[in-house]
Amino acid sequence: PLQWPEEAVNAYLAGTNLQAEVHRRRNFLRTVWDGVVKPLTQDFPEEFPPARFSWEKWLWARSAYTSRTFPAAVSTENRAQLSDDCTEIMLPVIDLVNHRHKEPCGVEWTETRVLMRHKGDKLPSGAEVFVNYGDKGNEELLLAYGFCVAGNPFDTAALSLGAKEVDSPARLRKVELLQQAGLSVDTDESGKISVGLFRIRRDGELPKTLRLAAFVLLTGRVPKENLEEESHDDVMDSLDLLHGLLVAKLGGVIDGEEASQSGVQLSELRRQLATLYRTGQRQVFEAACTRLTQQLDEMEGDSEGEEEEDDDQNAEPEEGER
């Protein structure tokens, strides 16, 4: 998507985390190009011809590098041959091998050759060889490599929390508690506190740190280890906050999907990739909404049961029971 035209990014990725991330990375890389590469083309045009080191070609070269490099330590032997500041290596031809989840095939580089070792069943003649890029969801695969996997079991959806706290001491207290919990926290001049990113898995289970952050933002204190010992209303309110945020994120993904299907089709391949990515995002948010709704319903039922029990205990006895 970093290579996609701006109109394609906005058309096919509207309402997703990836749309914002593409814009953020492009802006950062454009700043790097403006500050480093462009001055070189102006000061040393013979060594850095402007036509060859344009913004578009530099962005392509960087994307080719980041999508095709291997970890430097693909083997103990080759790691010993590299300097400590070398973090990645490029292996032409080998970098053409496609990804498949759980594929038992790895790459080793020695001083004289590159080996691909397949540790699974014997491959039939003419079969395609795959390697495993890692346990990556479609958001990472699309952004870093330019492809998606249908039904990717490693899909996750990112969520951040934000709350405005105008009272300075209360804001500082919440920030301190969140930082003590090991969470990434930012504040701005308006008093807004931003926490996260949090990653929600495909099964919809919310990270404990996400629940903790919501509780701290609402109450100004860290919840007890056993949530059953906490105020029922405080727990319900923090879960309601998360539920509303999840519903909004799901709505954004769905609205963007409808817009991309009805808009001008700029590229069928990009549309298909975006659809696979969106499908995974939608399924993650749907699973999270379902789990949280069930939990809220259970807590609401428990609360009503306790109220009925209290009413029975406080009821006046009938005439014959006195």
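The values are calculated or read from the model by the stated rules, or taken from the named source; none is laboratory data. All values derive from a computational prediction rather than experimental measurement. No Cβ is skipped: glycine too gets one built from the backbone with ideal geometry, and neighbour counts run over all protein chains shown. Areas reflect the complete protein model, heavy atoms only, side chains present, ligands, DNA and RNA absent. Shrake-Rupley method; radii C 1.70, N 1.55, O 1.52, S 1.80 Å.
Numbers below:
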item	result
Surface accessible to a 1.4 Å probe, per residue, for the residues of the chain, Å²	60
Within segment 219-248, backbone nitrogen closer than 20 Å to the virtual label 7 Å beyond the Cα of THR187 toward Cβ	219-223
Positive minus negative residues near LEU177 (Lys, Arg vs Asp, Glu; Cβ under 13 Å)	+2
Heavy-atom accessible surface of the chain: percent carbon and sulfur, 1.4 Å	50
Longest exposed-site-free window of the chain, the sites being GluC sites (Glu not before Pro) in a DSSP loop that have at most 13 other C-beta atoms within 10 Å	226-317
Contact order relative to length of the chain, as percent, for alpha carbon pairs under 8 angstrom and 6 or more apart	18
Given charges at beta-carbon only (K, R positive; D, E negative), |dipole| of segment 169-223 in Debye	220
Antiparallel bridges, percent of DSSP beta bridges restricted to segment 1-158 (to nearest 5)	80
Sequence of VAL149, VAL222, VAL166, VAL9 from largest to smallest accessible area, 1.4 Å probe	VAL166, VAL222, VAL149, VAL9
Contour minus Cα-Cα distance for ASP95 and LEU40 (0.36 nm per residue)	16.8 nm
Length-normalised contact order of segment 135-190 in % [C-alpha pairs under 8 Å, at least 6 apart]	24
Per-residue SASA entry for ASP84, accessible area with 1.4 Å probe, Å² rounded to 10	150
Answer label for log10 I(q)/I(0) by the Debye sum over Cα atoms at q = 0.07, 0.09, 0.12 Å⁻¹ (calculated), chosen among [x] -0.49, -0.66, -0.90; [y] -0.29, -0.48, -0.85; [z] -0.45, -0.69, -1.08	[z]
